[in-house]
Amino acid sequence: MPSPAIETDRLILRLHTPEDAQPLFALQSDDEMMRHYPSKKTSIEDSREWIEWCLSHHEQHGYGLWALELKETGGFVGNCGLLKQNLDDELLTEIGYFVDKRYWGEGLATEAALASREWGFTHLDVPRLVSFIAPENLASIRVAQKTGMSWWKSGTFKGMEIGVWSITRRAFNGLKSRSG
């Protein structure tokens with residue numbers, strides 16, 4: 001069963017819909033947006049298939065990437081959520097985030113990643129959450145750090161060298177006890 005929508009101060013994290021294909025393709029086909037990813041999408045059909053993949057991950061695992069919708073406008077601004085990923089024969093749960101470059105620097109990726117972290121540690125029995133980040137992607141590293149993650153190890157994922165940033169359940173519980 002797919003996870004429910006999550007609301008933050010400025011965002012709704014919800015399941016993707018077919019209507020997301022066009023705005024998603026605009027992001028996934030943009031050279032600047034995709035510079036830290038293995039490849040960009042070359043057709044709207046690629047983005048439709050990607051949405052289907054996201055929805056099937058939700059069906060199979062009960063969670064996945066959510067579409068990010070601005071509460072104020074209802075506009076699609078990217079995606080964020082949790083994915084099962086295999087790195088070096090280890091199954092990990094990744095917090096992935098991807099925000100329209102028009103909103104870079106406004107804290108939306110951090111807001112969505114924090115909500116995903118909270119949901120993951122509340123609903124999943126996982127010892128840690130990770131983010132796979134290209135070493136030169138300093139903005140994504142800052143988002144990971146703001147969610148309490150620290151560098152864990154290096155790896156190769158889909159042919160790209162990555163840094164694996166991580167927060168353990170124990171560290172998360174420590175953050176919660178200090179803030180509550």
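Is segment 88-97 home to any residue that is modelled with pLDDT of 95 or more and farther than 30 Å from G174 by Cβ? No. In segment 56-77, of all residues being out of contact with any His (no Cβ under 8 Å at 6 or more places or on another chain) and in a strand (DSSP E or B), the one that is surrounded by the most Cβ atoms within 10 Å (Cβ to Cβ) corresponds to L68. When R35 is tested against (1) modelled with pLDDT of 90 or more; (2) loosely packed, with under 12 Cβ neighbours inside 10 Å, just one condition goes unmet, and that condition is (1). In segment 3-28, the qualifying residues are those that are of a type in the set (G, A, S) and in contact with a helix residue (DSSP H, G or I) (Cβ under 8 Å, 6 or more places away or on another chain), and the one that is nearest to T110 (Cα to Cα) is S3. Report whether or not S47 is at pLDDT 90 or above and of a type in the set (S, T, Y). In short, yes.
Of all residues in segment 111-145, those that are among the hydroxyl-bearing types (S, T, Y) and under 10 Å from the mean Cα position of the chain (by Cα) total 2.
Beta carbons closer than 9 Å, at least 6 apart along the sequence or on distinct chains, pair a first residue in segment 36-55 that is assigned to a helix (DSSP H, G or I) with a second that is loosely packed, with under 13 Cβ neighbours inside 10 Å and not polar (S, T, N, Q) for R48/P18; I51/P18. Scanning segment 10-31 for residues that are charged (D, E, K, R) and either within 15 Å of V77 (Cα to Cα) or not in a loop (DSSP other than H, G, I, E, B) (or both) returns R10, R14, E19, D20, D30. If you check I51 against the conditions, is it surrounded by 12 or more Cβ atoms within 10 Å (Cβ to Cβ) and in contact with a Phe, Trp or Tyr (Cβ under 9 Å, 6 or more places away or on another chain)? So I51 does not fit the description; no. Against the numbered list (1) touching an Asp or Glu at 6+ places or on another chain (Cβ under 6 Å); (2) touching a residue at least 60 places away in the same chain (Cβ under 8 Å), E72 comes up short only at (1). For beta carbons closer than 6 Å, sequence separation of 6+ or different chains, a first residue in segment 90-110 that is without any contact (Cβ under 8 Å) to a residue 24 or more places away in the chain and a second that is outside any loop (DSSP other than H, G, I, E, B) and crowded, with 20+ Cβ neighbours inside 10 Å, there are no qualifying pairs. Does N86 satisfy the criteria of being polar (S, T, N, Q), within 17 Å of the chain's Cα centre (by Cα) and closer than 19 Å to S140 by Cα? No.
The values are calculated or read from the model by the stated rules, or taken from the named source; none is laboratory data. Everything quoted here is computed from the prediction, not taken from an experiment. We place every Cβ from the backbone using ideal geometry, glycine too, and count neighbours over all the protein chains shown.
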